[in-house]
């Protein structure tokens, strides 16, 4: 099977007007959300702690019953279907392995729950372990494995039952940064090779951008925006998405002028800053409130005089090797700039005055 092929049994997932309210809660943990994933897609729920993403995944898994709304797999309503009859594989944040069992016995658990013939289990277990790079580990105690290996066992256990939907709840959060990046790429590669439809939950934006076909950004129980990683990063539809993804600088002002492609926003203390905008909403009107979102690595710094319009003062700069991360004070607002380094470059000095520059193609204007 090639990377872009998917098996014929790959399923679609649909979430319709889903609501979940905890008892005695003032507001819903999940508030009327609708999402879908096509067969073979990786859909990621991304957002800060408490936004409702894990609650949503647990409803899809059948571990929580929705207050209202529907969950469908291939147009079949599974909202009231018991967990063990949904044919979904789940990878938990804490792995949830049985420490007294071997690797093979852990992977076999799902097959046993599905009453898979005993004589055929071993071949399926070996194939699942081969998929996650753990050939030869079938008799190994799980207590003798590293964190990354344990997570692979958890992934093999979820995949061995050939699930219609693979659910991943913050599966990499317990790993160190280097291993996390490596296993993230492996999960994405494996998901594409097997063609399994997956719902991935994370609060890590880089993780979401790296593994997803589509991302749903959640905040306070609601979906703020759904789109491809490129859409979410480059064309945020709300102020929250702009500030959460890529830690963009978010600057408020008023439309000074606009063309059919670019809007120029008058930012107090800075002057006009241009950016692209959503043309489907029409040309922004002069004087209309607007927000410009621009990522730290898409702005450049130039020396400036303190009295120069738009001058900002350096608060601090941090040399990280490949980049210099500079924090600025612009008329009482804090901005972050990230610049690539070179052998001859030097970091801005604290209290130095600088001028910001950005190309309209690198900024995005959100109408307020």
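Report P(r) for the stretch 284-326: all Cα-Cα distances, bin width 5 Å, range 0 to the bin holding the largest distance, values in whole percent.
5, 14, 18, 20, 18, 13, 7, 4, 1
How big is the gap, in Å, between the Cα center of the stretch 181-248 and the Cα center of the stretch 289-362?
Going from one Cα centre to the other spans 27 Å.
Please report, for the Cα atoms of the stretch 202-313, the Rg to one decimal and the Dmax as a whole number; what are they, in angstrom?
Here Rg and the maximum Cα pair distance are 15.7, 47 Å.
With the contact rule set at Cα under 8 Å and sequence spacing of 6 or more, what percent relative contact order holds for the stretch 247-367?
This gives 31 percent for the stretch 247-367.
When the scattering of the stretch 247-367 is computed by the Debye formula from its Cα atoms alone, each counted once and equally, what is log10 I(q)/I(0) at q = 0.12, 0.16, 0.20 Å⁻¹?
-0.44, -0.74, -1.04
At 222 nm, what helix-only mean residue ellipticity would the chain give, in deg cm²/dmol to the nearest 500, using -39500 (n - 2.57) for each DSSP H run of four or more?
Per the formula, -7000 deg cm²/dmol.
Output the Kirkwood hydrodynamic radius of the stretch 61-155, Cα pairs only, in Å rounded to one decimal.
Working: mean 1/r = 0.0673 Å⁻¹.
About 14.8 Å, per the Kirkwood formula over Cα pairs.
Considering the Cα trace of the stretch 259-309, what is its radius of gyration and what is Dmax, both in angstroms?
Both quantities, over Cα of the stretch 259-309: 13.2, 40 Å.
Taking 0.36 nm per residue of separation and subtracting the Cα-Cα distance, what length does fully extending residue 65 through residue 297 add? Each step should come with its number before you reach the end.
Details: separation 232, 0.36 × 232 = 83.52 nm, distance 4.33 nm.
Roughly 79.2 nm would be gained on extension.
From the Cα gyration tensor of the stretch 301-368, with a ≥ b ≥ c the square roots of its eigenvalues, which class applies: rounded if a/c is under 1.5, or else prolate if a/b is larger than b/c, or else oblate?
oblate
Remind me, relative contact order of the chain in percent, using alpha carbon pairs under 8 angstrom and six or more residues apart? Walk me through the numbers on the way to the answer.
Working: 826 pairs, mean separation 58.6, N = 368.
About 16 percent, as a whole number.
Quick check: from the Cα gyration tensor, does the stretch 11-100 come out rounded (a/c under 1.5), prolate or oblate? Could the numbers behind the result be given before it?
Working: a/c = 1.43, a/b = 1.09, b/c = 1.32.
Rounded shape, in that the Cα axes give a/c under 1.5.
The numbers here are math on the coordinates, done by the rules we state, and not lab data. The structure displayed is predicted, hence computed values, not measured ones.
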